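What follows is a short report on a single structure.
The values are calculated or read from the model by the stated rules, or taken from the named source; none is laboratory data. Nothing here was measured: the structure is a model prediction, and the numbers come from that model. Please note: Cβ atoms are built from the backbone with ideal geometry, for glycine as well, and neighbour counts cover all protein chains shown.
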Amino acid sequence: MKIYTSSLLAGLSLNLFIHSAYGAFSIDLQFNNEFGAQYQSAFTEAVTFWESIIIDYRFNSPLLDGININATLATNDGPGGVLGSASPSGYVYGNVLLNGDVNPSDVLWAVDGSMTFDIEDVDTLINNGTFSALIQHEMAHVIGLGTVWNLFDSDTATVYNPVLSAANQYTGIHALTAYQNEFDPTATFIPIEEEGGLGTAGRHWNEVENGAELTGITDPEGQDIAFELMTGWLNEPTFVSETTIAQFKDIGYDVIPEPGSLVMILLATSSTVGIRRFFRI
């Protein structure tokens with residue numbers, strides 16, 4: 001893990017075919033000058049968390065050695081509402097044989113990206129104990145959850161990371177198997193969010209009523225998926241599912257071998273944050 005505090009992040013715009021060599025996953029995080037020490041510990045916690053879950057790539061290449069993320073505080077829409085935004089901006093891709101697969105597949109990894117947080121919400125989130133969860137959520141999007149699914153290259157008519165069989169149906173084999181074991185043994189796809197507008201719809205696990213109601217879909221511990229970290233609204237207390245972890249395997253990462261053994265996450269001590277949409281990409 002490397003964390004930088006200079007004001008600029010050198011941009012990467014890698015559109016390179018992957019050649020076999022060695023690479024390992026890490027997160028290099030850089031802050032703009034708005035971030036004081038009171039904020040940075042939450043980012044360190046988020047980096048440590050994802051680096052403990054995503055342990056490597058499923059393909060070895062000198063171009064794949066981690067992801068650079070720039071974090072920024074900015075004024076957005078005032079208190080509440082959209083808390084943050086995130087997206088990747090640089091990629092490495094190719095038709096490759098992933099470790100553990102029989103046939104090659106079209107895979108794309110993010111190597112560069114950014115996260116922006118509403119400066120008018122951050123102190124409230126810190127006081128409520130939810131800022132780390134928000135950072136983890138946005139960081140997962142930069143790495144690829146919801147943002148690199150079914151990316152279409154019009155020049156070659158190639159779909160990279162083809163894990164969606166329809167706009168609201170996730171069928172990547174590893175996450176779907178985890179979802180069947182964790183939430184619904186009869187599922188043939190994982191439902192994807194259709195509400196919330198641009199940046200929420202199509203990029204999160206599904207909730208109901210804009211996150212205002214329980215879904216009735218629960219894991220073996222009785223946790224409703226409405227409280228899962230990678231849904232589109234922040235409901236507390238948050239947890240990270242095996243489904244979310246396995247999704248990273250679908251898009252080309254090696255993850256911890258037994259995601260169910262990881263006990264997570266952050267307990268909120270106040271209800272004043274309520275239910276809010278996380279972000280727009």
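A few notes on this one:
- Residue count for segment 194-241, restricted to those that are buried (at least 22 other Cβ atoms within 10 Å of the Cβ), part of a strand (DSSP E or B) and either on the phi > 0 side of the Ramachandran plot or not aromatic (F, W, Y) (or both): 2
- Among all residues of segment 100-110, there is at least one that is under 21 Å from Q247 (Cβ atoms), in contact with a strand residue (DSSP E or B) (Cβ under 8 Å, 6 or more places away or on another chain) and of a type in the set (G, A, S).
- Residues (at pLDDT below 50 and under 14 Å from the mean Cα position of the chain (by Cα)) located in segment 232-281: F278, F279, R280, I281
Here is a yes/no grid of residues against (1) at pLDDT 95 or above; (2) more than 17 Å from the chain's Cα centre (by Cα):
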{"site": "D153", "(1), (2)": "no, yes"}
{"site": "V159", "(1), (2)": "yes, yes"}
{"site": "V163", "(1), (2)": "yes, no"}
{"site": "Y170", "(1), (2)": "yes, no"}
{"site": "F189", "(1), (2)": "yes, yes"}
{"site": "V208", "(1), (2)": "no, yes"}
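- If only residues of segment 102-151 that are among the aromatic types (F, W, Y) and within 18 Å of L198 (Cα to Cα) are counted, the one that is farthest from the chain's Cα centre (by Cα) is F117.
- Selection count where residues are surrounded by fewer than 18 Cβ atoms within 10 Å (Cβ to Cβ), among the acidic types (D, E) and in a helix (DSSP H, G or I), scope segment 117-170: 2
- Any pair with Cβ under 6 angstrom, 6 or more apart, that starts in segment 172-194 at a residue that is over 23 Å from S105 (Cα atoms) and ends at one that is part of a helix (DSSP H, G or I) and polar (S, T, N, Q): E182/T243; A187/Q180
- Criterion: crowded, with 16+ Cβ neighbours inside 10 Å, of a type outside the set (S, T, Y), touching a residue at least 60 places away in the same chain (Cβ under 8 Å) and within 29 Å of D155 (Cβ to Cβ) - qualifying residue of N70, N99: N70
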